[in-house]
Amino acid sequence: MMRKIFLAVLAVAAWACASFASEIVYNLGADPRTIDPALNNALDGANVIVNIFDGLVRLGQDDKPEPACAESWKVSDDGMTWTFYLRDSLKWADGEPLTASQFKDGFLRAVNPETGSPYAYYGFFIKNAEAFYNGTAKSEDVGLSAPDDKTFVIQLEHKNPLMLEYMAFPLFLPSRMDIISESPRAWAARPDTLISNGAFKLESWRHGDGGEMILVKNPHYWDAENVKADRLRFVFINDENTSYAAFKAGRIDYMGNIPSQLLPMLLQRGEAKSFPALGTGYCDFNVTRKPFDDPRVRRAFTLAIDRRIIVEKITRGGQKPATGFVCDAVPGTSDAKDFRDEGGAFLPERADIDEARKLLAEAGYPDGKGFPKVSYKYNSNAGNKQMAEALQGMWKQVLGVEVELLNEEWKVFIETRNRMDYDIARDAWIMDFFDAGSILELCITGSAQNNTGYSNPKFDEAMRNAAGESDRVKRINFMHEAEKILMEDLPVAPIYFYTSAVLQSKRVTGIHRSPLGYVFFRNAEIAQ
Amino acid sequence: MMHMIPGGPFTDEKAIPSFVLEKMNDRYGLNDPLHTQYFRYLFNVLHMDLGPSYRYEGLSVNELIAQNFPVSAMVGGIALVLALLVGIPTGIISALKRGHWQDRLAMILATLGVTVPSFVIAALFVYVFAWRLGWVTVGFWEGTSTAILPAITLAGYPAAFISRLVRSGMLEVLGQDYIRTARAKGLRERSVVYVHALKNAIIPVITYLGPLTAGILTGSFVVEQVFGVPGLGTFFVTSITNRDYTTIMGVTIFYSALLVGFNLLADVCLAIADPRIKLR
């Protein structure tokens, strides 16, 4: 009897170990607000969506769009009509056939005002989509059609040079309206109604910090034979020290948010790896107020910053000094060329003390005399505070100017910055696409993201020219022109280019991290 | 009041164009006048509906509480039992051995328990048991086994507090006439202490148990964050930073209901324990 019990216990234990060992554990950090492709606008949500849904195209291991649900496509001569041909026998995770009209439903849902998608405007390149959104056109007028089950046609409102990158964006995905129309809001919050079509499917989801999501391999995925992992466990451990403790204990295979005090050591030892991330950290200057309405003052403040010291002593995660607004690793006029290399360095890595002092004197404040009281606002966070103090010190030392530091809670700060109730404010941007325009467009007059009040018709024109140009070389050159104008006016002071550091266990291979921040598990496997 | 804090549930670094924001607010009725929103909410709450969460798309606050309260309640329940099991005996011992080393030791521990904040204890536990010894993993919720460390952390303060309550209660009671009478009757010391004295000395503990139970069962933000416990305590704080209005209100109402309930229960228990207190 005892022996039987003993054997049973052993069997259960072996099974428990086996089931643990065959899953890959990733700390997603936060519990996503939603994983409904049309409603998500956060990276944590996107990281789930890219692993459970599959669009017409997907980002490959080289971060370029590659065929996914669409096997091939055709563009009309004028570039205004795109026809996508779907693969044979595509299926949803529940085994139902996946048709072109469901792509139409998904795209339409993204731009439907009833849906309330935060990214609806990303779909406005589709013909009549904006009019439909604003209630002046009907859904039938939107330039989407599915002549048969395997053909999906998109007509454009204006040319989109990044069409395939857009198609890989986790918003343009097919929808199961038979399920969604029954529970338009809750369908994506429950595993039994969230039917997806990607490499994995959602099995369970426990909400809140400390909760988790279990994804299992989708046997109906068209590329299922190349998906190696059977089970993924996405945990939501918010506290970075707790997450690191779990990693050290061998319970987490892949994690970002590494404790900042340990990061330099882990990078040095080679335990953590640092990747370029498509983002720039910078300061906003409020150009509508004195004294930062004067470009000389803005340039003086920008040149007084020693970017090398900032990345070596403050951020310490392998970041690079920002010599322009567009970060590294963004393609230029050809895939082989980097936009930043082509554009050259607009700003020095070290402070240009003489020039900064000279400019401030020219603006009427020699040695900072008579300079009005100004403040630097940032959102409360230990790293931001260190950065703020470093900047304050540099401005004091180089320019002789006192800058007051003010911190605010995150959402309060965002409102303050949007209202432009500041002199200098902390800012940063992570790009949505591999394209310089993705960050330059922040400074277009009247853009929702323009927090500085900057407006230069020449800059706007260069950006408009770029948007309407489908020749790559010309288009990129328009953006170089735009960046040049921007770096003369300096409504923003670029400080450093982002990196993201991750810890990965040795037993797992094939996890792909895109500089856009997405983590793909479809090629991940457990090395034995 | 919540609406006066700058920022809304959809305020985000990637500013959403105003026309889109308008439609998103519409969907949740956030564009209606405040009094309309208020009465609609009151009406729903009376029907036990705490509304949809703004932070978790497609989930209601009822579901959030239903999902996360049991976890907090389990950790809290263990902590409560621990606090009582440790607090009452140490209180009795230190009262009986007043002035001896046992008393001093117990009071030093109790002072530490009351004064050392839970995040220090929690961090210490993580360092010692998870990093150094590797006995437990933190960050993963696997039921009872992972509930122990957070429960011990949570139990620290109430155990110390109960111990002091019992000690002072015992000291007061032991000096009273009826104890002398009991002793004079020739009752055994054990019976004097545990039957006669403890019954009265425990009364302040019962009073304290009401709010304590409500508080400890709904979880603690700090302890849940550090140990990665998917409980309710986290929502008291994160719902505010997320401007998740319905969740702020929902968990507050839930906590208040528990508080009122357990206070009532404590009062009933008091009436049973102490005949001088009458239920009317």
A:Ala272 long-range amide H proximity, modeled H, under 5 Å: A:Leu267
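Report, as an integer, the average count of C-beta atoms from other chains found within 10 Å of each Cβ along B:124-130. Could you put the intermediate results ahead of the total?
Working: counts 0, 0, 6, 2, 0, 1, 7.
Across the residues of B:124-130, the mean count of other-chain Cβ atoms within 10 Å is 2.
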Chain A - share of DSSP beta bridges that are antiparallel (%, nearest 5): 80
Per-residue ³J(HN,Hα) for region A:402-412, Karplus 6.51 cos²θ - 1.76 cosθ + 1.60, θ = phi - 60°, Hz, x for Gly and Pro: 8, 10, 7, 9, 10, 10, 9, 4, 2, 6, 5
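What does the helix-only formula give at 222 nm for chain A: each DSSP H stretch with n ≥ 4 adding -39500 (n - 2.57), the total divided by the residues, and the result rounded to the nearest 500 deg cm²/dmol?
-8500 deg cm²/dmol
Taking N as the number of residues in the protein assembly as shown, what value does Rg over Cα atoms divided by 2.2 N^0.38 Å take? Present the calculation step by step, with values, prior to reporting the outcome.
On the way: Rg = 30.8 Å, N = 808, 2.2 N^0.38 = 28.0 Å.
For the protein assembly as shown, the normalised Cα radius of gyration comes out at 1.10.
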Per the helix-only calculation at 222 nm, which mean residue ellipticity applies to chain B, given -39500 (n - 2.57) for every DSSP H run of n ≥ 4 and division by its residues, nearest 500 deg cm²/dmol? -21500 deg cm²/dmol
Separation between Cα centres of region A:260-309 and region B:84-137, rounded to whole Å: 46
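For chain A, what's the relative contact order in percent, using C-alpha pairs closer than 8 Å and at least 6 residues apart?
17
Using the reciprocal of the averaged 1/r over all distinct C-alpha pairs, how large is the Kirkwood radius of region A:275-500 in Å?
Numbers: mean 1/r = 0.0566 Å⁻¹.
After inverting the mean inverse Cα-Cα distance, the result is 17.7 Å.
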Could you go through region A:462-477 in sequence order and give the Karplus-derived ³J(HN,Hα) for each residue, using 6.51 cos²θ - 1.76 cosθ + 1.60 with θ = phi - 60°, rounded to whole Hz, and x for Gly and Pro? 4, 5, 5, 4, 5, 5, x, 9, 9, 6, 4, 4, 5, 4, 5, 5
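How crowded by other chains is A:229-241, given as the mean number of beta carbons from other chains within 10 Å of each beta carbon? Don't skip to the end; give the middle numbers.
Working: counts 0, 0, 0, 0, 1, 0, 5, 3, 6, 7, 11, 0, 9.
That works out to 3 on average.
Computed over the Cα atoms of region A:57-177, what is the convex hull's projected area averaged over all directions, in nm²?
Details: hull surface 31.0 nm².
If I average the Cα hull's projected area over directions, I get 7.8 nm².
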Phi-based couplings in Hz for region B:165-176 (Karplus 6.51, -1.76, 1.60; Gly and Pro marked x): 4, 5, 4, 5, x, 4, 4, 5, 5, 4, x, 7
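State the extension gain, in nm to one decimal, for the chain segment bounded by A:Ser22 and A:Lys64, taking 0.36 nm per residue of separation less the distance between their alpha-carbons. Present the calculation step by step, with values, prior to reporting the outcome.
Working: separation 42, 0.36 × 42 = 15.12 nm, distance 2.97 nm.
That pair, A:Ser22 and A:Lys64, stretches by 12.2 nm at full extension.
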Return the lysines within reach of B:Lys97: Cα separation strictly under 22 angstrom, same-chain partners fewer than 8 residues apart disregarded; answer none if there are no such residues. B:Lys199
One finds, for A:Lys396 and B:His3 with R0 = 56 angstrom and r their Cβ-Cβ distance, a FRET efficiency to the nearest 0.05 of 0.90
In vacuo Debye sum over C-alpha of region A:275-402, base-10 log of normalised intensity I(q)/I(0) at q = 0.20 Å⁻¹, listed in q order, is -1.21
Quick check on my link table: of A:Lys64/A:Lys506; A:Lys290/A:Lys474; A:Lys159/B:Lys23; A:Lys127/B:Lys23; A:Lys217/A:Lys248; A:Lys320/A:Lys358, which ones sit more than 29 Å apart, alpha carbon to alpha carbon? A:Lys290/A:Lys474
List the aspartates and glutamates whose Cα lies under 14 Å from the Cα of A:Lys458, skipping any in the same chain that are fewer than 8 positions away. A:Glu441, A:Glu481, A:Glu483, A:Glu488, A:Asp489
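Work out the mean other chain Cβ neighbour count within 10 Å for the residues of A:116-123 and drop it here as an integer.
Working: counts 11, 4, 10, 3, 6, 4, 0, 0.
For this peptide, the per-residue mean of nearby foreign Cβ atoms is 5.
Nearest 0.05, what FRET efficiency do A:Glu349 and A:Thr288 give at R0 = 30 Å with Cβ-Cβ as r? All intermediate terms of the calculation are to be shown ahead of the outcome.
Details: r = 30 Å, r/R0 = 1.00.
After rounding to 0.05, the efficiency reads 0.50.
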Would you list the P(r) distribution for chain B, with all Cα-Cα distances sorted into 5 Å bins from 0 and each bin expressed as a whole %? 1, 5, 10, 12, 13, 12, 11, 10, 8, 6, 4, 3, 2, 1, 1, 0, 0, 0
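No lab work stands behind these numbers, since they all come straight from the coordinates. These figures come from a predicted structure and were not determined experimentally. Here the Cβ is made from the backbone with ideal geometry for all residues, glycine too, and neighbour counts use every protein chain on show.
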